[in-house]
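Everything below concerns the one structure shown next.
The values are calculated or read from the model by the stated rules, or taken from the named source; none is laboratory data. Just so it is clear, the structure is predicted and the values come from calculations on it, not from any experiment. Positions of Cβ are backbone-derived with ideal geometry, glycine not excepted, and every protein chain shown enters the neighbour counts.
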Ligand SMILES: [Mn+2]
């Protein structure tokens, strides 16, 4: 598995620097830590623009690229100092000395010196570049409030304000849109891992299981196979829950006769996968489910077929609609002339999102879809999803009752090649025949018992949806008798773990 070398990020910074005018400065803040509750933080997630240019995964940092009038350039990093107390509580930080060798930084300073040093760096510069969004940061942080405070210091001390503030996002995000070979290798790997985890879920899916059990298994597989975690909150939506596009409660019981929609992906070195499959809980599609499923699959295949360099992004949606809408008419879910129905957007109650999105460091990756009102053309090494769906709301009284509550989405990850495209997530079965074969060919008890080393009560629960009957002692125990004895220093001894 490739780890990115410091030269890799240096090359990206050089690409950015090439586009900066002389006598300018660009700065990129790291993400800050976010509080989950009280004093407990969410797992840290780096700002992706910062990560893309530095490969540095600590919070409280700012990367600065300077281009002098003479054309000389410098990469300056402000980052957290390493200190003994921090090491005890949170582990070692990179610090300033190691930043020079490990990140190829020209100059590194403590983040505590930022507000003192930045006005000096900015003073006399004609142009300041930064990303003009705050990426969920509080408005009192980056970039505007910080810039304003540095500007006021410049005004007081140097009286030479920069003349232009320029959004560098279009340049940076255009770079992120076209993947390098090293990035593609990581994406192939995170997509491959996600595909394997999807197959596991298809094999273990049984009536009576809980949606969250499948969600937990997906995450387990992603991590067990070497990814750092999930690209986004897993959606495991059974039955009508699939009609809620961003359903993440995952707390319903899987019922025989219903469909299950699983939208889930792993993340590897920050690179995301995003795959959706829909399949019958009991392994066999009903006639109605099969009709809707086949229609979505045909639409997805039409969308994939439309992909080639030079084709505009919206050609995919057009191809999808030209398959989906006539199909909905044939099934009696829509009525009228298909072309007119497409023009009138009559499909919106059943298909209300676009064909897909860019994929990369973000699941909905950076990069524009239109320029000056025109959809952009596809280029080799772009990666995106194609994910048509049909969602028939349970309360939609405009359609026959037997259709209501059916939700199907099929999503694959697509790489544009020089001649067409490659489906990167092709490993996960997608045709009705393949899915039914996979779901009915495995003995669930054997699979669960051997792969997860599960005990019989838990297997019973998973298979039957019943609460397991665990052995209990015949007489109530004295509450205090389970307490471990006190050590002489007054602390409780740690109880020994027991095998079950
Ligand atoms: Mn998606």
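Screening region 356-366 for residues that are within 12 Å of the ligand (Cβ to nearest atom) and either free of Cβ contacts under 8 Å to residues at least 12 places away in the same chain or assigned to a loop (DSSP other than H, G, I, E, B) (or both) and picking the one that is surrounded by the most Cβ atoms within 10 Å (Cβ to Cβ) gives 359.
Test residue 329 against the criterion of being more than 16 Å from the ligand (Cβ to nearest atom), outside any loop (DSSP other than H, G, I, E, B) and surrounded by fewer than 18 Cβ atoms within 10 Å (Cβ to Cβ), and give yes or no. Spelling it out, residue 329 is indeed more than 16 Å from the ligand (Cβ to nearest atom), outside any loop (DSSP other than H, G, I, E, B) and surrounded by fewer than 18 Cβ atoms within 10 Å (Cβ to Cβ). Only one entry of 268, 261 meets the criterion of being surrounded by 22 or more Cβ atoms within 10 Å (Cβ to Cβ), more than 16 Å from the ligand (Cβ to nearest atom) and under 18 Å from the mean Cα position of the chain (by Cα), and that entry is 268.
In the set 286, 335, only one residue is away from the ligand (no atom under 15 Å from the Cβ), assigned by TED's automatic domain parsing to the domain that holds residue 187 and closer than 25 Å to residue 261 by Cβ; that residue is 286.
Has region 264-281 got any residue that is in the same structural domain as residue 376 (by TED's automatic domain parsing) and free of Cβ contacts under 8 Å to residues at least 40 places away in the same chain? Within region 264-281, not a single residue is in the same structural domain as residue 376 (by TED's automatic domain parsing) and free of Cβ contacts under 8 Å to residues at least 40 places away in the same chain. In region 79-90, is there at least one residue being surrounded by 15 or more Cβ atoms within 10 Å (Cβ to Cβ) and not in a loop (DSSP other than H, G, I, E, B)? There is at least one residue in region 79-90 that is surrounded by 15 or more Cβ atoms within 10 Å (Cβ to Cβ) and not in a loop (DSSP other than H, G, I, E, B). Of the residues screened, residue 292 is one that is assigned to a helix (DSSP H, G or I), surrounded by 21 or more Cβ atoms within 10 Å (Cβ to Cβ) and in the same structural domain as residue 195 (by TED's automatic domain parsing).
Each residue in region 367-410 was checked for being within 27 Å of residue 334 (Cβ to Cβ) and either more than 16 Å from the ligand (Cβ to nearest atom) or crowded, with 21+ Cβ neighbours inside 10 Å (or both), and 27 of them qualify.
Can you pull out the residues in region 61-77 that are touching a helix residue (DSSP H, G or I) at 6+ places or on another chain (Cβ under 9 Å) and either over 16 Å from residue 33 (Cβ atoms) or at pLDDT below 95 (or both)? 63, 64, 65, 66, 67, 73, 75, 76, 77 - these are the residues of region 61-77 that are touching a helix residue (DSSP H, G or I) at 6+ places or on another chain (Cβ under 9 Å) and either over 16 Å from residue 33 (Cβ atoms) or at pLDDT below 95 (or both).
Let's see how each residue does on (1) in contact (Cβ under 8 Å) with a residue 24 or more places away in the chain; (2) farther than 24 Å from residue 110 by Cβ:
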position	(1), (2)
11	no, yes
33	yes, no
51	yes, no
61	yes, no
65	yes, no
69	yes, yes
76	yes, no
